[in-house]
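Undergrad: Sending over a structure as structure tokens; questions will come in a sec.
The values are calculated or read from the model by the stated rules, or taken from the named source; none is laboratory data. These numbers come from a predicted model, not from an experiment. Using ideal geometry, Cβ is built from the backbone for each residue, glycine included, and neighbour counts are taken over all protein chains shown. Surface accessibility is based on the protein's heavy atoms, side chains included, excluding ligands, DNA and RNA. Shrake-Rupley method; radii C 1.70, N 1.55, O 1.52, S 1.80 Å.
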Amino acid sequence: MRIRPRRNRASNSMRSVVAETTLKASNLVYPLFIREGDGVRDPIASLPGIERLSIDEAVRDAEKAHLLGVSGVALFPALPESLKDPRGKESLNPEGLLQRCIRSIKAAVPELMIITDVALDPYSSDGHDGIWRDGEILNDETLPILANMAVAQAQAGADMVAPSDMMDGRVGAIRDALDKAGHTNTAICSYCVKYASAFYGPFRDALDSAPKAGDKKTYQMDPRNVREAIREVLLDEEEGADWVMVKPGLPYLDVVRLVREATALPVAAYHVSGEFAMLKAASANGWLNYEACLMESLTSLHRAGADAIFTYGALDAARILGNR
Ligand code: PBG
């Protein structure tokens, strides 16, 4: 045999010099669930190790993330049912939980990127991302609410707003509203290619935000499809998105690769709650090595073409990368 591919794998040094993908802590974004209170770290049963944090605790974790080299945090507010209504009006409250949390984190760690979710579901008594009426999700009536929500978040200090609602035309509506309000430097990460996935289960437990009726299939994408991913990317690019996201992550690596090739914009991938919960559950049973499988998952997302990776394992991964 003249050709032996194993020669390039013979030692740690050989493997390192020929490695094609290098995951860095700076590729990572850490999602944080926040709630009211003081000194509260409220565990989430289906997301072992992840907690709903009061603002002071969220600030601590944000500081930790920054020290570890993680680039940003993505904030998700968990609200009591009493603050939810059909139009999600609490989302616009300048003194609301999310807005206060943005200000506190910005004051403590100004360099850390704050990415905020734009969608009705954490605020909606119907648990949908848009306005629900008689079983329908109303696209055009939802747009001004999303636009105002993004402005409220930018006003509080968000660096990047991330519409995750999948209404048509929302990126353009948000860009116009931000610009009109003077927030021309607030970026938009569009959850552009977001599938109607069963892997979001633990996230909905965390926020108690599951739809009260129906599902999200009339707005989130059909997992059988990939051509429409390109359509969504091209549209959001034209509407002014700064990043485009594919979500979930691992089950959609083919989509990440395709999106990477279809656009010059940075691509994000969301290693979602169900993907993280699977790793935790299997490792709790002694069936998988959590750390090794986490690193392999995140490296695979990066190899497929994701520049930014949203993951509940961001702090763990950053720690591991720092110790290498
Ligand atoms: C809400 C939103 C969801 C996630 C991020 N933003 C859930 C959903 O669409 O139902 C899921 C994230 C995860 O599962 O980790 N618009």
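Undergrad: Sort through 145, 188 and tell me the only one that's part of a helix (DSSP H, G or I) and touching a Gly at 6+ places or on another chain (Cβ under 9 Å).
TA: On the way: 188 fails: part of a helix (DSSP H, G or I).
Every option except 145 fails the conditions.
Undergrad: OK, next. Quick check on my filter: what residues within the stretch 223-240 are within 16 Å of the ligand (Cβ to nearest atom) and either under 16 Å from the mean Cα position of the chain (by Cα) or closer than 14 Å to residue 191 by Cα (or both)? Don't jump to the end; show me each part of the working.
TA: Our first condition is that a residue be within 16 Å of the ligand (Cβ to nearest atom); within the stretch 223-240, this holds for 223, 232, 236.
Matches in the stretch 223-240: 232, 236.
Yes or no, residue by residue, for (1) within 16 Å of the ligand (Cβ to nearest atom); (2) touching a helix residue (DSSP H, G or I) at 6+ places or on another chain (Cβ under 7 Å):
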residue: 105; (1), (2): no, yes
residue: 109; (1), (2): no, yes
residue: 116; (1), (2): yes, yes
residue: 121; (1), (2): yes, no
residue: 128; (1), (2): yes, no
residue: 131; (1), (2): yes, yes
residue: 134; (1), (2): no, no
residue: 143; (1), (2): yes, yes
residue: 151; (1), (2): no, yes
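Undergrad: Kindly indicate which of 210, 152 is out of contact with any Phe, Trp or Tyr (no Cβ under 8 Å at 6 or more places or on another chain), modelled with pLDDT under 95 and of a type in the set (Gly, Ala, Ser).
TA: Values: 152 fails: modelled with pLDDT under 95.
Answer to the check: 210.
Undergrad: For residue 259, are the conditions met, namely being away from the ligand (no atom under 16 Å from the Cβ) and either open to solvent by less than 30 Å² (accessible area, probe 1.4 Å) or among the small types (Gly, Ala, Ser) (or both)? Give the derivation first.
TA: Details: away from the ligand (no atom under 16 Å from the Cβ): yes; either open to solvent by less than 30 Å² (accessible area, probe 1.4 Å) or among the small types (Gly, Ala, Ser) (or both): yes.
Judged against the criteria, residue 259 is a match.
Undergrad: Please name all residue pairs, on different chains or six or more residues apart, with Cβ atoms under 9 Å, provided the first residue is in the stretch 248-272 and is more than 25 Å from residue 50 (Cβ to Cβ) and the second residue is within 16 Å of the ligand (Cβ to nearest atom) and open to solvent by 40 Å² or more (accessible area, probe 1.4 Å).
TA: That search, which allows pairs on different chains as well, returns 265/243; 266/243.
Undergrad: How many residues, within the stretch 163-185, are in a strand (DSSP E or B) and open to solvent by 30 Å² or more (accessible area, probe 1.4 Å)?
TA: Within the stretch 163-185, the subset in a strand (DSSP E or B) is 163.
Among the residues that remain, those that are also open to solvent by 30 Å² or more (accessible area, probe 1.4 Å) are: none.
Going through the stretch 163-185 one residue at a time, the tally reaches 0.
Undergrad: Sticking with this structure for a sec: Being within 15 Å of the ligand (Cβ to nearest atom), of a type in the set (A, V, I, L, M), open to solvent by less than 10 Å² (accessible area, probe 1.4 Å) and closer than 30 Å to residue 82 by Cα narrows it down to one residue among 160, 245; which is it?
TA: Values: 245 fails: closer than 30 Å to residue 82 by Cα.
The conditions single out 160.
Undergrad: Taking the stretch 305-324 as the region of interest, how many residues are among the polar types (S, T, N, Q) and over 19 Å from residue 256 (Cα atoms)? Give the derivation first.
TA: The first filter runs over the stretch 305-324 and keeps only residues among the polar types (S, T, N, Q), leaving 311, 323.
Those still in the list that are over 19 Å from residue 256 (Cα atoms) too: 323.
Number of matching residues: 1.
Undergrad: Also, I was wondering about something else. Just checking, which of 288, 235, 279 is crowded, with 20+ Cβ neighbours inside 10 Å and either modelled with pLDDT of 95 or more or of a type in the set (Val, Ile, Thr) (or both)? Show your work before the answer.
TA: Working: 288 fails: crowded, with 20+ Cβ neighbours inside 10 Å; 235 fails: crowded, with 20+ Cβ neighbours inside 10 Å.
Answer to the selection: 279.
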